[in-house]
Every structure is written in structure tokens, then in C-alpha cells.
Amino acid sequence: MNPTVARLTLRGLLGRRRGLLLLVVPALLLLVSAIASGSSADAHGLTVKILGQLGLGTLVPILGLVVGTGVIATEIDDGSIVYLLAKPLPRWRIITTKLAVAIGVTWLFSVVPTLLSGLLLYGTRDGMVLGYTVAVLVAGAAYSALFLLLGVVTRHAVVAGLAYALIWESMVGNFVEGARTLSVQQWGRAVAEAVAGDTAIGADVSFGAAVPLLLVVTVGATVLASVKLAGLTLAGEE
Amino acid sequence: MATISIDKVSRWFGNVVAVNDVTMAIGPGITGLLGPNGAGKSTLIHMMSGFLAPSSGSVTLDGAPIWRNQQVYRQIGLVPERESMYDYLTGWEFVLANAELHGLPQPGAAARRALDLVEMDYAKDRRTGTYSKGMKQRVKMASALVHDPAVLLLDEPFNGMDPRQRLQLMDLLRRFGADGRTVLFSSHILEEVEQLARHIEVVVAGRHAASGDFRKIRRLMTDRPHRYLVRSSDDRRLAAALIADGSTTGIEVDERERALRIEAVNFQGFTTLLPRVAREAGIRLYTVSPADESLESVFSYLVSA
């Protein structure tokens, strides 16, 4: 961790309009939960829909995308990354610091509202809320690492990230069962299931597969991002 | 004392060759990297500052490779051409952050010293996003100088500066050169380079066109044949009178343009000769225009010299 890199990253991320944009995600989740908690419908089904599909399935990847790319892609785009790179600072330390900030912010804006929404909707029964909270924790970290890597390797990180989260995980994953094996969301669900039990949460990937996959993706993305950052090329304007 | 050596360096992007087999050494003092836009100056500076790998050849700082070697930044200060620099920070916060990133033992003192040096102390508490171009340039300088580097690389530092800011920056760079630091800056404006650098490296179309003392290069540039397009009341008679004098080497009567194309060897001689000859012969001059004064033609002359 480098405190200066962390400070710059955090200010860049939360300052300006992006900070407000990030607030939309938890606000939406809490609002929907508050409305739903008033309804008399099947509480279990509602919780699975809101925490699972809306929260873990949609809001967490979007948040991870905004935050993961926001901690580095913006700087690479506008060229200000030069001031970080023209320093005798190991590249992996820049990446791990930025990842830590990304994970911290993703957690703050997703874990807390997930926990609150869950308690509002379903109380503490079946360990379900705890399960989803843990799922959001692990998925949030993996998304952050993955989207940070995208920010380093491509100028179109947001598009690529959206394509992965919305097209691959949501659409393809809905129809093609095999695609779910390679889905951060499903790995999160597997972890949630291990915490909360089979009856509360359904997962398509086994816990034994999900944990190593989560680790490989998170650690692999971090290592690769460090290597790519060390060889970052600034194309001439001419 | 530090020297950047560029040894047989080429860099291509796909099929486009941006830098073609360039060899040069940049030592202490001020060096101007001169060339028209698109000549490969930025590509060279990017390679010298470790943000681009040479496709072939080597770029080293006192023998150590620059590409993928973060330790060189202890010695290099870089002033990039692009303006973005964490707009949400104040000048002070920006320079301080740079000092901290260098791991300096007393970042606060170093940042204060650097801001003093570029005379930006008065605006240090304003956000850099509110700065004028010249102020940004100076704060960028402060961030590059904060660790007291032996080498300073500046990419088109005078672009968009007003004359006063230009003089200030020149003054500052002169002081660094006099300190024995290695200062390299790029520019496409000859006068700019001439005012500041004794030593000039010229690149044209990716090739190393000339190298050396600015006076030598200036002479090469002024001694080259100058071409003029002249229209007068009697082109043929004027041509006959001019060719008798030694300062013209060739005259072509361009029937279609209804003009003379004149090649003069001696710039000074020709500009005094032409009006004199015309007056004596009673010929009126309608047009006298230099045909090849564009920077590109000056440079291409240098390449062939």
C-alpha cells in the first residue's frame, strides 16, 4: 500500500460527479427493499429476487465496473497516470493500492446496503442475509480486480466490462448452463450457499470450484494488471 | 552529470516508421530537439522517459536501460505535453503528492522548494484545474523538479505559452543547464530552440537530420539556396539583368504563371540586388515572394545537406 496513491485514487473516485453516481446503487437497493418489505408477498422469494438478482446480479457488477475502472482507467485515459509511473515505485504496489481502494469502496457501497436491505426484508432467519452479504463481499472483490485489469489493458474498459457483466453473466448465463461456471456472480452465490445452506440460496457452481476460481481470478487479474502497467505505452500524439 | 544515449533506435507503429535508426547522446547542458510536427520528437521523448519501448536499438541513462526500469526516475524529471494533472488537487497538493511518491525524506520541504523555484508559491492553494496554461506548465515543472533530478525532459514546453511565460520558463531552464543538469526539450520552432539551446538535434520524418551547435545549423539553414517567385513589368529583361550578377544561380521563366522563378545563393545579397537592378532597368516589381520558406522545406534541405 502506498498512502499517497491511495489518497489520490480515493479523491479521484469519490470527488466530482462519480461519487454521487456511486450513491445511486445503494440508494436504489434500499428503496426497493423498503417498498417490498411493506408487501405481504412471500418474503423468501422477494429476498432472493432483490438481494440475489437485483443486488448481487446487477448492482454489484455495475458498482464494481464503475469503481474498478474508475480507480485507474480514467487516469490512463487522460494521461495523468504519468505522474504515478514516472516514480521509482514498484508497479505492483500501485496496482495493489488501487485495488484495495476499489474493493473498500465497492464494499462500502454494496455490503452495507445489502446487509441493511436483507435485515429489512427477511430479518436474521436461515442465515440468508449473512449468506448474501458474504456473497457480495467476495463477488465485489473479484469484480474490482477484474475490472481494474480491464482498465489497464483496454481503452474500452467500460464497454468490455458491461459486455461481460450484462451479456455474459446475465443473458448468456440465463440460457446456457455452462456459462455459469465462469461467472463471478455464480461463484459468489456458491459461497453464499455454503454460508446460508442449500434451502436458502441456490447456486449452480459447487463451493469447491467457486473458491479456487475466485482466488485465481482475483490474484491473476492483480498480477496481470501489474505486469501490464509496468509496460504501459503512451502512444505519441503524432 | 547524466547522459541519455540513444543507440541505433527505431520505432515503428504497425507499418508506420516513427523513428528511423537514430543515434544521439544527450549530455549535460540544454539540448533542443527540433523538428516539424510529426517528425518523431514525441516518440523519442517517450522512449527517453520510459513510456515506449524502442522497436530496435537501445535507450539508456548512464548505461542503464530506461524501458521497464523504474529506478531511472530517481534521476529523471519529466514534463509531459499533455495537460491533465489531477485537476481536483491544488498546486500544493499536486507537487506534495509527487514528492511523496518519490519517497523523499522531507516531502513538504521539497515541494515548497520546487514551487518557489518556478515562482508558483502565490497560487499554490488554487486547484490546478483553474490554472492558465503557463501556470500549469510551471506546476508540472515543479513536480518534475521536486526530487532534484539530474535529467529534465520536456515535451513541447512552450506550446500555448504567452511571451512573458516563455521568457520565464527559458530563464528557468537556462539556470538548470548552467547547474550542469541534462535538459532536453522539444520544439518545432527554430527561434525558440535557438534562444535557449546551444546544442541542437534535428529530426525530420523520423530521421536524425542534423546535430550540433546551433550556429552551424543556423548557417546551414541560411546558406541554402533560396527560391523566389517574382512578377514584374518585364520579366525577361529583369531575368537578363539578374543573371549577370553572381548572387543568382538560376532563373526560370514560367510562362504559365507569368512569373520568374529565381534561385539565389546569397540571401542577403539577393534581397538588396533585386530592387536595385529593377530600379536601374526601369522595371516595376509586382510580386516578390519566397517560394520555399516553410519550415518543412528548411528541414528537408537539412536532411539532404
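Of these, A:Ala36, A:Ala86, A:Ala41, A:Ala102, which one is in contact with a strand residue (DSSP E or B) (Cβ under 9 Å, 6 or more places away or on another chain) and either surrounded by fewer than 21 Cβ atoms within 10 Å (Cβ to Cβ) or at negative phi (or both)?
Criteria check complete, one pass: A:Ala86.
Hand me the list of strands (runs of 3 or more DSSP E) wholly inside region B:163-219 holding 1 or more residues that are surrounded by fewer than 18 Cβ atoms within 10 Å (Cβ to Cβ).
Answer list for region B:163-219: B:207-213.
Which residues, taken from region B:52-64, are within 11 Å of chain A (Cβ to nearest Cβ) and either in contact with a helix residue (DSSP H, G or I) (Cβ under 6 Å, 6 or more places away or on another chain) or part of a strand (DSSP E or B) (or both)?
B:Leu52
Which numbered condition trips up B:Asp213, out of (1) at pLDDT 85 or above; (2) within 30 Å of B:Asn37 (Cβ to Cβ); (3) not aromatic (Phe, Trp, Tyr)?
For B:Asp213, the exception is condition (1).
Residue-by-condition table, conditions (1) modelled with pLDDT of 90 or more; (2) more than 14 Å from chain B (Cβ to nearest Cβ):
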{"position": "A:Arg17", "(1), (2)": "no, no"}
{"position": "A:Leu30", "(1), (2)": "yes, yes"}
{"position": "A:Ser37", "(1), (2)": "no, yes"}
{"position": "A:Thr97", "(1), (2)": "yes, no"}
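Looking at (1) aromatic (Phe, Trp, Tyr); (2) away from chain A (no Cβ under 11 Å); (3) part of a helix (DSSP H, G or I), find the lone condition where B:Trp12 falls short.
Going through (1) aromatic (Phe, Trp, Tyr); (2) away from chain A (no Cβ under 11 Å); (3) part of a helix (DSSP H, G or I) one by one, B:Trp12 breaks only (3).
Given the options B:Glu93, B:Glu100, name the one that is free of Cβ contacts under 8 Å to residues at least 40 places away in the same chain, closer than 18 Å to A:Lys87 by Cα and facing chain A (nearest Cβ under 7 Å).
B:Glu100
Can you pull out every residue in region B:163-219 that is within 13 Å of the chain's Cα centre (by Cα) and either of a type in the set (Phe, Trp, Tyr) or not assigned by TED's automatic domain parsing to the domain that holds B:Val9 (or both)?
B:Phe185, B:Phe214
Which condition number in (1) surrounded by fewer than 19 Cβ atoms within 10 Å (Cβ to Cβ); (2) more than 10 Å from chain A (Cβ to nearest Cβ) is the one that B:Glu83 fails?
(2)
Between a first residue in region B:13-28 that is β-branched (Val, Ile, Thr) and a second residue that is exposed (fewer than 13 other Cβ atoms within 10 Å of the Cβ) and not in a loop (DSSP other than H, G, I, E, B), which pairs have beta carbons less than 8 Å apart while being 6 or more apart in sequence or on different chains?
Every condition considered, the pairs that remain are B:Val22/B:Lys8; B:Thr23/B:Lys8.
Would you be able to say whether some residue in region A:132-147 is over 19 Å from the mean Cα position of the chain (by Cα) and either within 30 Å of B:Arg82 (Cα to Cα) or part of a helix (DSSP H, G or I) (or both)?
Checking region A:132-147: not a single residue is over 19 Å from the mean Cα position of the chain (by Cα) and either within 30 Å of B:Arg82 (Cα to Cα) or part of a helix (DSSP H, G or I) (or both).
So A:Thr233 ticks every box in (1) exposed (fewer than 14 other Cβ atoms within 10 Å of the Cβ); (2) more than 14 Å from chain B (Cβ to nearest Cβ) but one. Which box is left unticked?
Evaluating A:Thr233 over (1) exposed (fewer than 14 other Cβ atoms within 10 Å of the Cβ); (2) more than 14 Å from chain B (Cβ to nearest Cβ) leaves (2) as the failure.
Is it true that some residue in region B:65-74 is in a loop (DSSP other than H, G, I, E, B) and touching a helix residue (DSSP H, G or I) at 6+ places or on another chain (Cβ under 7 Å)?
yes
Just to be sure, is B:Gln75 within 12 Å of chain A (Cβ to nearest Cβ), free of Cβ contacts under 8 Å to residues at least 40 places away in the same chain, surrounded by 15 or more Cβ atoms within 10 Å (Cβ to Cβ) and closer than 27 Å to A:Trp92 by Cβ?
no
Could you tell me which numbered condition A:Ala86 fails, if it satisfies all but one of (1) in contact (Cβ under 8 Å) with a residue 40 or more places away in the chain; (2) within 14 Å of chain B (Cβ to nearest Cβ); (3) among the hydrophobic types (A, V, I, L, M, F, W, C)?
(1)
Need the failing condition index for B:Leu104 against (1) outside any loop (DSSP other than H, G, I, E, B); (2) on the phi < 0 side of the Ramachandran plot; (3) surrounded by fewer than 21 Cβ atoms within 10 Å (Cβ to Cβ), just the number.
Condition (1) is where B:Leu104 drops out.
The values are calculated or read from the model by the stated rules, or taken from the named source; none is laboratory data. Here the structure is a predicted model, which is why all the values come from computation and not from measurement. Here the Cβ is made from the backbone with ideal geometry for all residues, glycine too, and neighbour counts use every protein chain on show.
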